[in-house]
Amino acid sequence: MAFSKNVQSYDYGSGSLEKLTERVNQRRGRGGARAAYFIDDFFSTSGLLDKIAIDPLDAIKFVSTVKEPTTWYVDQLTDEVRRNFGELPCCVVGIGGGSVIDISKAVSNLLNNGGRAENYQGWDLVQKPGIYKIAVPTLSGTGAETSRTCVMTNEEKNIKLGMNSQFSVVDHLILDPELSITVPRNQFFYTGMDTYIHCVESLEGQYRHVFADAFSEEALELCRRIFLDDDMQADKNRERMMVASYLGGAAIANTFVGLVHPLSAGLSSVLGFHHGISNCLIMQTMEDFYPMAQKEFQSFLKKQDIELPKNICRDLPEEKFREMYLATIVHEKPLINALGKDYKKILSYENFREMLASV
Ligand code: NAD
Ligand code: ZN
């Protein structure tokens, strides 16, 4: 048996950003009068704000994505909203890629549940719904717009783990493919591959089921059309990527990721690589675990002429491998999904080290 929750509603299509003001206005007076916007720093100078009629009383916070979200940053942003608003906001709006969407989901949950972000890293720890969440993806692939998690790095504990909860699902989505027109080529590839990898891991996992498979299979087909095309960022392909990301997020909301994500999280927490590129680096080592997908992934790299960094772990001191191993092995559920209950026997430190040394 499975329980899942989907996004309640969405506006979809080129130009649908213009619906945002109306959606925010519909929330005013429910809990509060003002809205809190979190917007990727990139858009502070891009002219995007000219397209949205933001009420002068609403609060806009431009969010830095130099680093991916940390528990510390989420706490700081939550405190800022509490300080600036006499009451709770009527809704929280996240405009950006996975980082900004996750931050806005986490702040929304914290505003209504209290406490610190790290208290909720894990499964089903959030007790009640957060503030109404609206997400506007500007970069597609993470599936944060449909998933039931918001991922944060806890730098003190050296772990990257989400608030996995039905209350982390977004309430309303605006899916406007025009917003991803400015995404740099490599970033489009790395984040797009996140969808591909989510779906491979879901389909290869022991918790797979027909419902999740249906989302994954369609998203994989869309990925093949995009990443084997001459122009992966053509209008039609950016629209496909937006839909594939949505479906991939729904797939993992129904199941779990697999082996790539825990390894990628280890690499990110210790060496600071961002999620998309980190997944790609790990995917190269998956010939024994996901052989068909690893091959197909290589064909996407080749077709799109993307060069990944090389030899990043070759000269790492032993203690860094140990730290990475600990930051990987903590992801019990995806590892059981991929390798079964005895996952530590397959992913022993020696095997892990050998795999990572080739990255
Ligand atoms: P990101 O949000 O970190 O953004 C990457 C870069 O792209 C940033 O520099 C940003 O400014 C830029 N960018 C975004 N939109 C742009 C646009 N339209 N034009 C130009 N530049 C743009 O990247 P991401 O890969 O979308 O998100 C990664 C985060 O998502 C990680 O923290 C990861 O852990 C998380 N994640 C969450 C889930 C989930 O289910 N919640 C799933 C997978 C990954
Ligand atoms: Zn991912």
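A few comments on the model shown:
- Accessible surface, 1.4 Å probe, highest first, among residues Ser4, Ser168: Ser4, Ser168
- Potential extension, Asp230-Lys341 segment - 0.36 nm per residue separation minus Cα distance: 35.7 nm
- Listed residues Thr71, Thr191, Thr45, most fluctuating in the chain (Gaussian network, C-alpha, under 10 Å): Thr45
- GNM flexibility winner over the chain from Gly249, Gly115, Gly340 (Cα, springs under 10 Å): Gly115
- In this structure the amide hydrogen of Val63, modeled in the peptide plane, comes within under 5 Å of the amide hydrogens of Ile39, Asp40, Asp41, none closer than 5 places in sequence on its chain.
- Considering only Leu281, Leu77, Leu247, the mean-square fluctuation computed in a Gaussian network model of the chain, springs between alpha carbons under 10 angstrom, is largest for Leu77.
- Here the scattering of region 172-279 is modelled by Debye summation over its C-alpha atoms, one equal scatterer each and no solvent; at q = 0.17 Å⁻¹ the log10 of I(q)/I(0) is -0.81.
- To the nearest ten degrees, helix 71-84 and the longest principal axis of the Cα atoms of the chain are 0 degrees apart.
- Once C-alpha pairs closer than 8 Å and six or more residues apart are averaged by separation and normalised to the residue number of region 1-146, the relative contact order reads 25 percent.
- A DSSP coil position with no more than 11 other Cβ atoms inside 10 Å describes the following GluC sites (Glu not before Pro) in region 1-98: Glu87.
- Of every Cα-Cα pair in region 209-263, the percent that sits beyond 12 Å: 65
- Relative to the longest principal axis of the Cα atoms of the chain, the long axis of helix 98-113 lies at roughly 60 degrees.
- For region 112-204, accessible area per residue (1.4 Å probe, heavy atoms of protein chains only), Å²: 32
- Beta bridge orientation in the chain: antiparallel %, DSSP, nearest 5: 15
- Annotation: extensible slack from Arg185 through Glu319 equals 44.8 nm (criterion: 0.36 nm per residue apart, minus Cα-Cα distance).
- Using a cutoff of 8 angstrom between alpha carbon atoms and counting only pairs six or more residues apart, the relative contact order for region 283-359 works out to 41 percent.
- Overall form of region 1-153 per C-alpha gyration tensor (a/c, 1.5; a/b vs b/c): rounded
- Centre separation in Å (Cα based) which lies between region 310-329 and region 221-251: 33
- The charge dipole of region 1-96, taken about the Cα centre with unit charges on the Cβ atoms of Lys, Arg (+1) and Asp, Glu (-1), comes to about 320 debye, rounded to the nearest 20.
- Between Lys295 and Thr45, the contour length at 0.36 nm per residue exceeds the alpha carbon distance by 86.0 nm.
- Label-reachable residues, region 327-341, where backbone N falls under 16 Å from a point 7 Å from Asn351's Cα toward its Cβ: 328-341
- Working note: 222 nm ellipticity from helices only, DSSP H runs with n ≥ 4, each -39,500 (n - 2.57), summed and divided by the residues of the chain, gives -14500 deg cm²/dmol to the nearest 500.
- Prolate/oblate/rounded call for region 149-217, Cα gyration tensor, a/c under 1.5 rounded: rounded
- Across the chain, the relative contact order, built from alpha-carbon pairs under 8 Å that are at least six residues apart, equals 16 percent.
- Cα centroid separation, region 121-162 to region 1-39 (Å): 17
- Average projection area in nm² (convex hull over Cα atoms of the chain, one quarter of hull surface): 16.7
- Cα gyration tensor shape for region 98-204, rounded if a/c is under 1.5, else prolate or oblate: prolate
- Per-residue 3J(HN,Hα) values for region 256-261, derived from phi via the Karplus relation 6.51 cos²θ - 1.76 cosθ + 1.60 with θ = phi - 60°, read 9, 6, x, 7, 4, 5 Hz in sequence order (x marks Gly and Pro).
- Gap separating the Cα centres of region 167-213 and region 261-309, nearest whole Å: 15
The values are calculated or read from the model by the stated rules, or taken from the named source; none is laboratory data. Not measured: the values here are computed from a predicted model. Using ideal geometry, Cβ is built from the backbone for each residue, glycine included, and neighbour counts are taken over all protein chains shown. The accessibility values were calculated without ligands, DNA or RNA, using every heavy atom of the protein model including side chains. Shrake-Rupley method; radii C 1.70, N 1.55, O 1.52, S 1.80 Å.
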